[in-house]
Structures are given as structure tokens and as C-alpha cells.
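Please read the structure below before turning to the comments.
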Amino acid sequence: MRKDLGFWPPLPLIIKYGRRLRLTSHDEDSLCAALEHPNRIRHVDLILPSSQLSKVATDMQEPFPALTHLTLLSEDGNALVLPGFLGGSAPCLQRIAFGGIIFPALPTLLPSSSSLVSLDFYNIPQNGYISPEAMVACLAALPRLEMFLIGFQSATSRPGRIRPPPVTRTVLPSLTYIEFRGASEYLEELISQIDSPKLNQIHIMYLNQLVDFQVAQPFKFIDRSEDPKLALLRHADVTFTNRLVSLEIYQCPPRHPNRVPVRISILCQGIDWQVSHLAQVLSQPSTILSHVVHLKLEEFGADEDRQLESVDNANWLHLLCQFSAVQTLHVSRELAGHVALALEDVTEEIAAEVLPALNSIRLVGQLTSSVDKFVAVRRLSGRPVTVVNTRMELKSGLNTRFLNPVNWVNASGVLVGRMLYHIAKHAPSEQEKRGNKRLEDARSLIVEHQEVIHPCDRDAIEVRISL
């Protein structure tokens, strides 16, 4: 390679060495030869044992002025320390991904990388801790940053105390995606100091397994986003597994799990802790939660000896109380019996607190009679609920309300918007006149009865009508 580079024209160089490939002595010599041309190197993408990465880092102490993409991942789990790197300057860098690396010179490098659009620090060792304040200072120097990912190896990487939110927050004008894995205290301090007006996707994995699990900032941070797509999220899935519980909020089922707009997961065992922790996370006031009208509770991959009976009915009800706008509830077979028992504890005094907007419920594998008391209480409180047996019935229970234009307005505003979009774009030719008439009727009713439409849905209606 060294000889060949001397004969070739000075073309840009891309260095890439993948996972599970053993770096031979010949490969190592070729890599060192390529690194002798820092002015030509555009991409460096290396996934190697820490000992071999350390040798590469030694050869990358000087500036690489043309470097745009840098990925260094330690595949053996051993931490690699980079005391100095790239001469402290990388003006063309657009993407950085470090995994299992301690990089104390980070606050020096990032301010020189103002073109950065993606920053990924994965699997940060405990002795590689960087404080939330220092991280925010680094992010403030990156006006073009669109994606930010930060993940720690353990929940012990956390600030000693959580400070009050600052009066003035740092604005990250281009950030659309943030992903976090670590202790809740770290995220609380980090996102309380920043605003991301273009944010449209956030994935959180809490590693805490403590009894005192308190969070206040995630939904405040999301609600500060100005992206109109977040106002269209109407579905929420709560999934329980042996190791974690997760909440996903989306507009329609994404084709790829990484494209879910909002995902909050808590790594803890025991469904009692999972229900309790998730309820605490969701207990903060949230605009995005007030948009959710479809809720699904399900369990995947549980051991046969997993004891669901240990969950207090009050904890289930506390979780369900967080979804004040939900109109349809689907509960999987594994959870249906336990949720049914909890709903039977609903009295007329608290009927307005537990899923107050609910009109249809599906409890897979359960008889309708399993929630007779709940249904009766809801009827007496003026909030009738229909128990259905199929997924189609669950959907139609909400859609049939739109047969009459007057009822379109009485339902959730976003569903009016969806119906308007459907009529305007998909009406068969022989029904175009009827569809257009309904469209005009609905427009008039929206203007006439704005006070009936959920205020949080008005922007969604305007977006749908403009399509």
C-alpha cells in the first residue's frame, strides 16, 4: 500500500475496517501508510480491539483538515483513552461516532468542528464521564448539529445533584434527533439546559432501577419543540418485557423501529416496578400525551414464572390515569386479565380520572363480563364504554362517529382532519360531489364550533386541510 500510494494520483482516501475482522500485520502496515497522508483522508471508520485502536490514535495526533467522517469503536469492551487527537482541530468534520472511548480533549475538538451534523458517544466508560454542563457547552458550538446520541455503560455516571433549570437555555437550532442511555439525573440536567425547536424524534433508555425514580424534564423538552409533526402523534404502545418497559408514541406504525418519533424505555425487572416507574415518568403534564387517542398495552417474551399478580391494581390505574385523551384501549392476552381486575376497582368518584375519554376497549381473551362493573360505573357517570372483541371493532367504534358531519366536530379534532384529508384525496369519482359537500360542511362546522375541538388539535386540522 505504501508503494502504491506513491504512484497513485492524490485522490481522497477512505479508511474502513469492520467488526470481527482481525487486523493482520499487512493490514496494519497499510493502515499506517494511509494515515501518513492526512490531507487526503476523508473518512475513517474503524471497529477494532482497543489495543489496535490505540496504535491508530497515535498516528492521528496531527490535524486532518479534509476529514469529514470519523468512527472509532472499541469492540472488546476495554476503554481507550485519547488524551489528544487530530491536533485539536477538525474544521471539516461532519460526523463523529465514538464507542467505548474516553476523550478528555472533547471540549477542545468540538468548538473547531462547527460543520458537525452528527455526534455519537456510545458506551461511555464510567471514568470517561463528562458533566452535563460541559456537554451543553460543547453542543452550543455546533449550530448545524442534527443528531446527538450519548450513552453510558452504567447508571453510576450521573451528576452529584440536579441543579435548578437555568433562566436562559442554550438553543440548538438544527437538532432534530436525540438519543440517550444512562441515568435519569444526567438527562434531567442535560435537557433542562437546552431547547431544540426542530426536534421531531427522541429515544431514551433509563438505566435506573432505584425506588426513587423521579423525572420532570423529558416531556417539557419535547413540548418545547416547534415541529408540527409532533402534534400529529395519536398512538401510544406500552410494551413490557423481562428486562424493560417501553413507551412508543407515533402517528402511524413505522416501518422501522428506529423511526418511532418518541420512545422512552426503563431498564428494570419486575412488572410491578415497570408499571410504577413508567407511571412516574408520565405523571408530568404533557401536551404530546394529551394528543394520544389510541393506547395499546402488551407483553413480549415473558418467562412462564413471571408474576403479574404482584402488581397492585392502584399502580395500573395510576398508569392509565396519565392518558386523559385516550378513546380506544387494546390490551394483549397476557395483560388483559390483570388490567380488567384493576378497572373493576374504578368507582364513580374516580371515573372521570381513569381514561375519561375512553369509548372502546378490547381485552384479548377476556369475557365481556370481566369488566361489567367498570362498564356500569362508566354508564352511570355519563361516560359509556363499549367492550369489543376484535381489532376491527375497536377501530370502527371510533370511525363510525364520522358518518354525520356534526359528530365529526364532537370527536377529536385530528380525526376530523384525517377525515377531511380522506374525503378530499381519496373520494371515488362517483362520490366526488358528495365528498366535496361533506368537506365544505366540515369546514363550516369547524369554524362554527371551534370551542368544541380539542385546542391541541387545531394545528393538526390545519395541516391536514392544507394537504
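Any idea which residue in the stretch 19-37 is nearest to residue 57 (Cα to Cα), counting only those that are modelled with pLDDT of 75 or more and assigned to a loop (DSSP other than H, G, I, E, B)?
36
Residue 67 fails exactly one of the following numbered conditions: (1) surrounded by fewer than 17 Cβ atoms within 10 Å (Cβ to Cβ); (2) under 15 Å from residue 14 (Cβ atoms); (3) of a type in the set (A, V, I, L, M). What is the number of that condition?
Condition (1) is where residue 67 drops out.
Could you count how many residues in the stretch 163-185 are within 21 Å of the chain's Cα centre (by Cα), surrounded by fewer than 22 Cβ atoms within 10 Å (Cβ to Cβ) and either in a loop (DSSP other than H, G, I, E, B) or free of Cβ contacts under 8 Å to residues at least 12 places away in the same chain (or both)?
Looking only at that region, the number is 4.
May I ask you to list the residues in the stretch 343-400 that are over 22 Å from residue 318 (Cβ atoms) and assigned to a loop (DSSP other than H, G, I, E, B)?
Result: 364, 365, 367, 382, 384, 389, 390.
Go through the residues of the stretch 82-93 one by one and say whether even a single one is part of a strand (DSSP E or B) and under 30 Å from residue 40 (Cβ atoms).
Checked the stretch 82-93: no residue is part of a strand (DSSP E or B) and under 30 Å from residue 40 (Cβ atoms).
Looking for something in a strand (DSSP E or B), among the aromatic types (Phe, Trp, Tyr), at pLDDT 95 or above and surrounded by 22 or more Cβ atoms within 10 Å (Cβ to Cβ) - is there at least one such residue anywhere in the stretch 204-211?
No; the residues of the stretch 204-211 include none that is in a strand (DSSP E or B), among the aromatic types (Phe, Trp, Tyr), at pLDDT 95 or above and surrounded by 22 or more Cβ atoms within 10 Å (Cβ to Cβ).
Tally the residues that are of a type outside the set (D, E, K, R) and assigned to a loop (DSSP other than H, G, I, E, B), restricting the search to the stretch 250-276.
10
I need every pair where a residue in the stretch 247-267 that is surrounded by 12 or more Cβ atoms within 10 Å (Cβ to Cβ) has its Cβ under 6 Å from the Cβ of a residue that is among the basic types (Lys, Arg) and part of a strand (DSSP E or B), sequence separation at least 6 or different chains.
Pairs that qualify, where the first residue is surrounded by 12 or more Cβ atoms within 10 Å (Cβ to Cβ) and the partner is among the basic types (Lys, Arg) and part of a strand (DSSP E or B), are 248/263.
Please tell me if residue 268 is at pLDDT below 90 and over 17 Å from the mean Cα position of the chain (by Cα).
yes
For the condition surrounded by fewer than 15 Cβ atoms within 10 Å (Cβ to Cβ) and not aliphatic (A, V, I, L, M), what is the one hit in 99, 18?
Answer to the check: 18.
Which of the residues belonging to the stretch 45-64 are out of contact with any strand residue (DSSP E or B) (no Cβ under 6 Å at 6 or more places or on another chain), part of a loop (DSSP other than H, G, I, E, B) and buried (at least 18 other Cβ atoms within 10 Å of the Cβ)?
Scanning the stretch 45-64 gives a single hit, 60.
Looking at (1) assigned to a loop (DSSP other than H, G, I, E, B); (2) within 20 Å of the chain's Cα centre (by Cα); (3) among the hydroxyl-bearing types (Ser, Thr, Tyr), which is the only condition residue 122 fails?
Unmet for residue 122, out of (1) assigned to a loop (DSSP other than H, G, I, E, B); (2) within 20 Å of the chain's Cα centre (by Cα); (3) among the hydroxyl-bearing types (Ser, Thr, Tyr): (1).
Among the residues of the stretch 225-244, are any touching a Ser or Thr at 6+ places or on another chain (Cβ under 8 Å), modelled with pLDDT of 90 or more and of a type in the set (Val, Ile, Thr)?
Checked against the condition, which is being touching a Ser or Thr at 6+ places or on another chain (Cβ under 8 Å), modelled with pLDDT of 90 or more and of a type in the set (Val, Ile, Thr), the stretch 225-244 yields at least one hit.
Being of a type in the set (A, V, I, L, M, F, W, C) and outside any helix (DSSP H, G or I) narrows it down to one residue among 279, 236; which is it? Don't jump to the end; show me each part of the working.
Working: 279 fails: outside any helix (DSSP H, G or I).
Every option except 236 fails the conditions.
The values are calculated or read from the model by the stated rules, or taken from the named source; none is laboratory data. Every value quoted in this text rests on a predicted model; they were computed, and no experiment measured them. When we count neighbours, we look across all protein chains shown, and the Cβ atoms used for this are built from the backbone with ideal geometry, even at glycine.
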